1. Over the range 5-109, average the accessible area per residue using a 1.4 Å probe and give it in Å², no decimals.
2. Across the range 68-76, in residue order, what do the Karplus-derived ³J(HN,Hα) couplings come to in whole Hz, using 6.51 cos²θ - 1.76 cosθ + 1.60 with θ = phi - 60° and x for Gly and Pro?
3. To one decimal place, what orientation-averaged projected area in nm² is obtained for the convex hull of the Cα set of the range 1-88?
4. Which percent, to the nearest 5, of DSSP beta bridges fully inside the range 123-277 are antiparallel?
5. Multiply the residue separation of residue 3 and residue 31 by 0.36 nm, subtract the distance between their alpha-carbon atoms, and state the gained length in nm to one decimal.
6. Quote the relative contact order of the chain in percent (integer), defining contacts as alpha-carbon pairs under 8 Å separated by 6+ residues.
7. Hey, how much of the P(r) for the range 123-277 falls beyond 26 Å, as a percent of Cα pairs?
8. Give me the percent of the accessible area of the chain that comes from carbon and sulfur atoms, probe 1.4 Å, all protein chains in place.
Amino acid sequence: MKLLFGGIEAGGTKFVCAVGNAAGEIKEKTVIPTAAPEQTMPQVIGFFQSIHSKTPLSAIGIATFGPVDLNVGSSYYGYITTSPKPGWGHYNLLGAIRGKFNIPIGFDTDVNGAALGEYRWGAARGLDTFIYVTVGTGIGAGGMVAGKLMHGLIHPEMGHLLIPRDRKQDNFAGICPFHGDCLEGLASGPAILKRWNVKTAADLPENHPAWELEAHYLALAFANCVLVLSPEKIIFGGGVAKNRQLYPKIREKMQKILNGYIKHENIQNKIADFVVEPGLGGQAGICGAIALAGQSYLKSQTSSFSR
Ligand code: ADP
Ligand code: ZN
(Lines give C-alpha, C1' and ligand atoms only; values in the text may rest on other atoms or scores of the structure.)
(Ligands and ions follow the chains in the order given, each with its own letter.)
Protein backbone atom coordinates (compact mmCIF):
# COMPACT_ATOMS: atom_id res chain seq x y z
CA MET A 1 0.00 0.00 0.00
CA LYS A 2 1.36 3.42 -0.93
CA LEU A 3 0.83 5.78 1.97
CA LEU A 4 0.42 9.49 1.46
CA PHE A 5 1.08 12.06 4.19
CA GLY A 6 0.32 15.75 4.56
CA GLY A 7 2.83 18.18 6.05
CA ILE A 8 2.38 21.72 7.30
CA GLU A 9 5.45 23.83 8.00
CA ALA A 10 3.91 26.74 9.86
CA GLY A 11 6.15 29.81 9.90
CA GLY A 12 5.83 33.43 10.88
CA THR A 13 5.77 34.61 7.27
CA LYS A 14 4.43 31.61 5.39
CA PHE A 15 2.74 28.23 5.75
CA VAL A 16 4.28 25.62 3.46
CA CYS A 17 1.82 22.78 2.87
CA ALA A 18 2.79 19.62 1.04
CA VAL A 19 1.85 16.05 0.41
CA GLY A 20 4.54 13.39 0.29
CA ASN A 21 5.14 9.68 0.58
CA ALA A 22 6.83 7.54 3.21
CA ALA A 23 10.19 8.13 1.52
CA GLY A 24 9.86 11.88 2.05
CA GLU A 25 9.27 12.58 -1.64
CA ILE A 26 7.09 15.64 -2.10
CA LYS A 27 4.25 15.16 -4.58
CA GLU A 28 2.38 18.45 -4.25
CA LYS A 29 3.17 21.69 -2.49
CA THR A 30 1.71 25.13 -1.93
CA VAL A 31 2.79 28.22 -0.02
CA ILE A 32 0.24 30.32 1.87
CA PRO A 33 1.18 33.66 3.46
CA THR A 34 0.79 33.87 7.25
CA ALA A 35 -2.00 36.40 7.77
CA ALA A 36 -4.52 36.14 10.61
CA PRO A 37 -5.68 32.54 11.29
CA GLU A 38 -9.14 33.24 9.82
CA GLN A 39 -7.49 34.00 6.48
CA THR A 40 -4.66 31.49 6.48
CA MET A 41 -6.26 28.38 7.96
CA PRO A 42 -9.18 27.98 5.48
CA GLN A 43 -6.61 27.97 2.66
CA VAL A 44 -4.46 25.40 4.46
CA ILE A 45 -7.46 23.18 5.13
CA GLY A 46 -8.76 23.64 1.56
CA PHE A 47 -5.43 22.47 0.09
CA PHE A 48 -5.51 19.20 2.03
CA GLN A 49 -9.26 18.64 1.63
CA SER A 50 -9.03 18.83 -2.16
CA ILE A 51 -6.31 16.16 -2.14
CA HIS A 52 -7.78 14.03 0.67
CA SER A 53 -11.16 13.78 -1.11
CA LYS A 54 -9.45 12.15 -4.13
CA THR A 55 -6.46 10.34 -2.60
CA PRO A 56 -6.90 9.78 1.13
CA LEU A 57 -4.07 10.97 3.35
CA SER A 58 -2.97 8.59 6.12
CA ALA A 59 -1.90 11.37 8.52
CA ILE A 60 -0.95 15.03 8.66
CA GLY A 61 2.07 16.49 10.47
CA ILE A 62 2.29 20.04 11.76
CA ALA A 63 5.75 21.55 12.40
CA THR A 64 5.17 25.00 13.74
CA PHE A 65 6.73 28.20 15.02
CA GLY A 66 6.32 28.54 18.75
CA PRO A 67 6.30 28.59 21.59
CA VAL A 68 3.76 25.77 21.60
CA ASP A 69 2.19 23.44 24.15
CA LEU A 70 3.46 19.91 23.42
CA ASN A 71 2.22 18.32 26.61
CA VAL A 72 -0.34 15.73 25.49
CA GLY A 73 -1.97 15.84 28.93
CA SER A 74 -2.51 19.60 28.85
CA SER A 75 -5.85 21.15 27.89
CA TYR A 76 -3.83 23.51 25.70
CA TYR A 77 -1.99 20.73 23.87
CA GLY A 78 -1.52 21.80 20.26
CA TYR A 79 -1.89 25.51 20.95
CA ILE A 80 0.56 28.21 19.97
CA THR A 81 0.98 29.79 23.38
CA THR A 82 2.42 33.29 23.31
CA SER A 83 2.78 34.93 19.93
CA PRO A 84 2.96 38.63 19.14
CA LYS A 85 1.46 37.80 15.73
CA PRO A 86 -2.14 39.06 15.65
CA GLY A 87 -4.57 36.18 16.13
CA TRP A 88 -1.96 33.48 16.77
CA GLY A 89 -1.44 33.90 20.53
CA HIS A 90 -3.33 31.09 22.33
CA TYR A 91 -4.44 29.71 18.98
CA ASN A 92 -5.47 26.06 18.77
CA LEU A 93 -3.55 25.14 15.63
CA LEU A 94 -3.79 21.39 16.14
CA GLY A 95 -7.52 21.64 16.88
CA ALA A 96 -8.13 23.59 13.66
CA ILE A 97 -6.74 20.68 11.61
CA ARG A 98 -8.09 17.90 13.82
CA GLY A 99 -11.58 19.33 13.51
CA LYS A 100 -11.48 18.80 9.73
CA PHE A 101 -9.59 15.52 9.25
CA ASN A 102 -10.36 12.28 11.02
CA ILE A 103 -6.81 10.90 10.70
CA PRO A 104 -3.77 10.95 13.02
CA ILE A 105 -2.24 14.43 13.29
CA GLY A 106 1.38 14.84 14.42
CA PHE A 107 2.35 18.07 16.13
CA ASP A 108 5.73 19.49 17.14
CA THR A 109 7.97 22.53 16.83
CA ASP A 110 9.34 23.49 13.41
CA VAL A 111 12.85 22.63 14.54
CA ASN A 112 11.94 19.28 16.08
CA GLY A 113 10.11 18.53 12.82
CA ALA A 114 13.21 19.43 10.79
CA ALA A 115 15.29 17.28 13.15
CA LEU A 116 13.00 14.31 12.55
CA GLY A 117 13.19 14.90 8.78
CA GLU A 118 16.99 14.93 8.97
CA TYR A 119 16.88 11.75 11.06
CA ARG A 120 14.71 9.92 8.51
CA TRP A 121 16.20 11.16 5.28
CA GLY A 122 19.04 13.62 5.87
CA ALA A 123 22.25 14.29 7.77
CA ALA A 124 21.18 12.57 11.01
CA ARG A 125 20.44 9.13 9.58
CA GLY A 126 21.73 6.44 11.91
CA LEU A 127 22.24 8.82 14.86
CA ASP A 128 20.16 8.96 18.01
CA THR A 129 21.37 12.13 19.74
CA PHE A 130 21.83 15.29 17.71
CA ILE A 131 20.55 18.82 17.32
CA TYR A 132 19.19 20.85 14.45
CA VAL A 133 19.77 24.60 14.74
CA THR A 134 18.26 27.18 12.45
CA VAL A 135 19.59 30.72 12.36
CA GLY A 136 17.28 33.03 10.44
CA THR A 137 14.78 35.66 11.54
CA GLY A 138 15.04 33.98 14.93
CA ILE A 139 17.23 31.19 16.28
CA GLY A 140 15.67 27.87 17.14
CA ALA A 141 16.92 24.40 17.90
CA GLY A 142 15.39 21.01 18.29
CA GLY A 143 16.69 17.52 18.20
CA MET A 144 16.74 14.04 19.58
CA VAL A 145 18.13 12.45 22.67
CA ALA A 146 18.40 8.65 22.61
CA GLY A 147 16.15 8.43 19.55
CA LYS A 148 13.33 10.61 20.90
CA LEU A 149 12.52 14.17 19.95
CA MET A 150 13.29 16.49 22.87
CA HIS A 151 10.26 17.82 24.72
CA GLY A 152 10.69 17.82 28.48
CA LEU A 153 9.18 20.67 30.42
CA ILE A 154 8.14 22.54 27.26
CA HIS A 155 10.62 22.20 24.41
CA PRO A 156 14.24 23.30 24.04
CA GLU A 157 14.80 27.04 23.56
CA MET A 158 18.47 26.97 22.70
CA GLY A 159 18.03 30.10 20.56
CA HIS A 160 17.89 32.05 23.81
CA LEU A 161 21.08 30.64 25.33
CA LEU A 162 22.98 33.17 27.35
CA ILE A 163 26.54 33.34 26.15
CA PRO A 164 29.62 35.13 27.43
CA ARG A 165 30.52 38.29 25.58
CA ASP A 166 33.26 40.85 25.46
CA ARG A 167 31.67 44.29 25.46
CA LYS A 168 34.91 45.89 24.28
CA GLN A 169 34.72 43.76 21.18
CA ASP A 170 30.94 44.14 20.71
CA ASN A 171 28.89 46.70 22.54
CA PHE A 172 25.62 45.97 20.69
CA ALA A 173 22.71 45.78 23.14
CA GLY A 174 20.99 42.90 21.33
CA ILE A 175 17.42 42.70 20.06
CA CYS A 176 15.70 39.93 22.01
CA PRO A 177 12.59 41.48 23.59
CA PHE A 178 13.01 39.15 26.58
CA HIS A 179 16.76 39.05 27.18
CA GLY A 180 18.41 41.67 25.01
CA ASP A 181 21.74 39.98 24.36
CA CYS A 182 20.91 36.27 24.39
CA LEU A 183 22.08 34.27 21.35
CA GLU A 184 19.04 35.27 19.25
CA GLY A 185 19.45 38.88 20.38
CA LEU A 186 23.08 38.91 19.23
CA ALA A 187 23.29 36.51 16.30
CA SER A 188 19.94 36.17 14.49
CA GLY A 189 19.68 37.56 10.95
CA PRO A 190 17.95 40.79 12.08
CA ALA A 191 20.51 41.23 14.90
CA ILE A 192 23.37 41.14 12.37
CA LEU A 193 21.63 43.74 10.18
CA LYS A 194 20.88 46.03 13.10
CA ARG A 195 24.37 45.83 14.66
CA TRP A 196 26.07 46.75 11.41
CA ASN A 197 23.32 49.07 10.25
CA VAL A 198 22.75 47.44 6.86
CA LYS A 199 19.58 46.46 4.99
CA THR A 200 20.51 42.97 3.81
CA ALA A 201 23.22 40.42 4.50
CA ALA A 202 24.52 41.02 0.98
CA ASP A 203 25.60 44.51 2.16
CA LEU A 204 28.21 42.82 4.37
CA PRO A 205 31.17 41.66 2.22
CA GLU A 206 32.73 38.27 2.88
CA ASN A 207 35.70 39.82 4.68
CA HIS A 208 33.53 42.01 6.94
CA PRO A 209 34.16 41.48 10.68
CA ALA A 210 30.44 40.71 11.04
CA TRP A 211 31.09 37.12 9.99
CA GLU A 212 33.95 36.48 12.41
CA LEU A 213 31.77 37.77 15.23
CA GLU A 214 28.76 35.75 14.06
CA ALA A 215 30.88 32.59 13.92
CA HIS A 216 32.25 33.39 17.39
CA TYR A 217 28.76 33.59 18.95
CA LEU A 218 27.50 30.49 17.18
CA ALA A 219 30.66 28.59 18.15
CA LEU A 220 30.11 29.51 21.80
CA ALA A 221 26.50 28.35 21.62
CA PHE A 222 27.37 25.10 19.82
CA ALA A 223 30.18 24.40 22.32
CA ASN A 224 27.68 24.80 25.14
CA CYS A 225 25.29 22.43 23.37
CA VAL A 226 28.11 19.87 23.08
CA LEU A 227 28.80 20.19 26.80
CA VAL A 228 25.14 19.85 27.84
CA LEU A 229 23.74 17.31 25.39
CA SER A 230 26.70 15.39 24.00
CA PRO A 231 25.21 15.43 20.51
CA GLU A 232 26.71 13.23 17.80
CA LYS A 233 26.17 16.01 15.25
CA ILE A 234 25.05 19.62 15.01
CA ILE A 235 23.05 20.41 11.89
CA PHE A 236 23.16 24.13 11.15
CA GLY A 237 20.67 25.65 8.71
CA GLY A 238 18.47 28.70 8.13
CA GLY A 239 18.94 31.90 6.12
CA VAL A 240 22.14 32.99 7.87
CA ALA A 241 23.76 29.61 7.13
CA LYS A 242 23.65 30.58 3.45
CA ASN A 243 26.86 32.45 4.25
CA ARG A 244 28.93 29.33 3.78
CA GLN A 245 32.17 30.68 5.28
CA LEU A 246 30.44 30.42 8.66
CA TYR A 247 30.81 26.62 8.66
CA PRO A 248 34.62 26.43 8.68
CA LYS A 249 34.85 29.47 10.96
CA ILE A 250 32.43 27.98 13.51
CA ARG A 251 34.21 24.61 13.45
CA GLU A 252 37.61 26.15 14.07
CA LYS A 253 36.36 28.45 16.85
CA MET A 254 34.44 25.62 18.50
CA GLN A 255 37.60 23.53 18.68
CA LYS A 256 39.48 26.47 20.21
CA ILE A 257 36.71 27.12 22.76
CA LEU A 258 36.51 23.46 23.81
CA ASN A 259 40.32 23.46 23.95
CA GLY A 260 40.85 19.72 23.67
CA TYR A 261 38.58 18.91 26.57
CA ILE A 262 36.08 16.77 24.65
CA LYS A 263 38.29 13.87 23.74
CA HIS A 264 36.52 12.47 20.74
CA GLU A 265 37.92 12.27 17.24
CA ASN A 266 34.70 13.68 15.77
CA ILE A 267 35.45 16.96 17.52
CA GLN A 268 39.22 16.82 17.36
CA ASN A 269 39.81 15.50 13.83
CA LYS A 270 36.53 15.15 11.99
CA ILE A 271 34.75 18.34 12.91
CA ALA A 272 33.75 18.94 9.27
CA ASP A 273 31.36 15.99 9.73
CA PHE A 274 30.22 17.26 13.11
CA VAL A 275 28.92 20.75 12.30
CA VAL A 276 27.14 20.14 9.02
CA GLU A 277 24.57 21.52 6.59
CA PRO A 278 21.09 20.03 6.58
CA GLY A 279 21.13 16.95 4.33
CA LEU A 280 17.70 17.98 3.07
CA GLY A 281 18.83 21.57 2.37
CA GLY A 282 15.93 24.02 2.30
CA GLN A 283 13.45 21.11 2.34
CA ALA A 284 14.28 20.07 5.92
CA GLY A 285 11.28 21.92 7.36
CA ILE A 286 8.59 20.59 5.07
CA CYS A 287 10.06 17.08 4.93
CA GLY A 288 10.10 17.24 8.72
CA ALA A 289 6.38 17.97 8.81
CA ILE A 290 5.79 14.94 6.61
CA ALA A 291 8.02 12.88 8.90
CA LEU A 292 5.86 13.98 11.86
CA ALA A 293 2.82 12.72 9.95
CA GLY A 294 4.55 9.39 9.40
CA GLN A 295 5.44 9.14 13.07
CA SER A 296 1.86 9.82 14.20
CA TYR A 297 0.57 7.27 11.69
CA LEU A 298 2.97 4.62 13.02
CA LYS A 299 1.97 5.41 16.59
CA SER A 300 -1.72 5.01 15.74
CA GLN A 301 -1.01 1.65 14.09
CA THR A 302 0.97 0.42 17.09
CA SER A 303 -1.68 1.53 19.58
CA SER A 304 -4.54 -0.13 17.64
CA PHE A 305 -2.42 -3.29 17.36
CA SER A 306 -1.79 -3.45 21.11
CA ARG A 307 -5.41 -2.79 21.99
P1 ADP B 1 12.90 32.62 8.54
O2 ADP B 1 13.75 32.51 9.74
O3 ADP B 1 11.97 33.81 8.59
O4 ADP B 1 12.22 31.35 8.14
P5 ADP B 1 15.28 32.49 6.90
O6 ADP B 1 15.69 31.24 7.56
O7 ADP B 1 15.34 32.54 5.41
O8 ADP B 1 13.84 32.97 7.31
O9 ADP B 1 16.23 33.65 7.48
C10 ADP B 1 16.11 34.98 7.13
C11 ADP B 1 17.35 35.74 7.63
O12 ADP B 1 18.51 35.22 6.96
C13 ADP B 1 17.32 37.23 7.35
O14 ADP B 1 17.53 37.93 8.55
C15 ADP B 1 18.47 37.46 6.37
O16 ADP B 1 19.13 38.67 6.62
C17 ADP B 1 19.38 36.27 6.61
N18 ADP B 1 20.11 35.90 5.39
C19 ADP B 1 19.58 35.61 4.18
N20 ADP B 1 20.55 35.31 3.29
C21 ADP B 1 21.72 35.39 3.97
C22 ADP B 1 23.10 35.19 3.62
N23 ADP B 1 23.46 34.84 2.38
N24 ADP B 1 24.02 35.35 4.59
C25 ADP B 1 23.67 35.69 5.84
N26 ADP B 1 22.40 35.94 6.23
C27 ADP B 1 21.44 35.78 5.31
ZN1 ZN C 1 16.18 35.84 24.19
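The values are calculated or read from the model by the stated rules, or taken from the named source; none is laboratory data. Just so it is clear, the structure is predicted and the values come from calculations on it, not from any experiment. Positions of Cβ are backbone-derived with ideal geometry, glycine not excepted, and every protein chain shown enters the neighbour counts. These accessible areas exclude ligands, DNA and RNA; they are computed on the full protein's heavy atoms, side chains included. Shrake-Rupley method; radii C 1.70, N 1.55, O 1.52, S 1.80 Å.
1. With all protein chains present, the range 5-109 gives 44 Å² per residue.
2. Coupling constants for the range 68-76: 10, 9, 9, 7, 4, x, 7, 6, 9 Hz.
3. Numbers: hull surface 26.1 nm².
That works out to 6.5 nm².
4. Working: 9 of 15 bridges.
Antiparallel bridges: around 60 percent, rounded to the nearest 5.
5. Working: separation 28, 0.36 × 28 = 10.08 nm, distance 2.26 nm.
Using 0.36 nm per residue and subtracting the Cα-Cα distance, I get 7.8 nm.
6. On the way: 608 pairs, mean separation 68.7, N = 307.
That works out to 22 percent.
7. 22 percent
8. Working: 7980 of 14750 Å².
The nonpolar share, carbon plus sulfur, comes to 54 percent.
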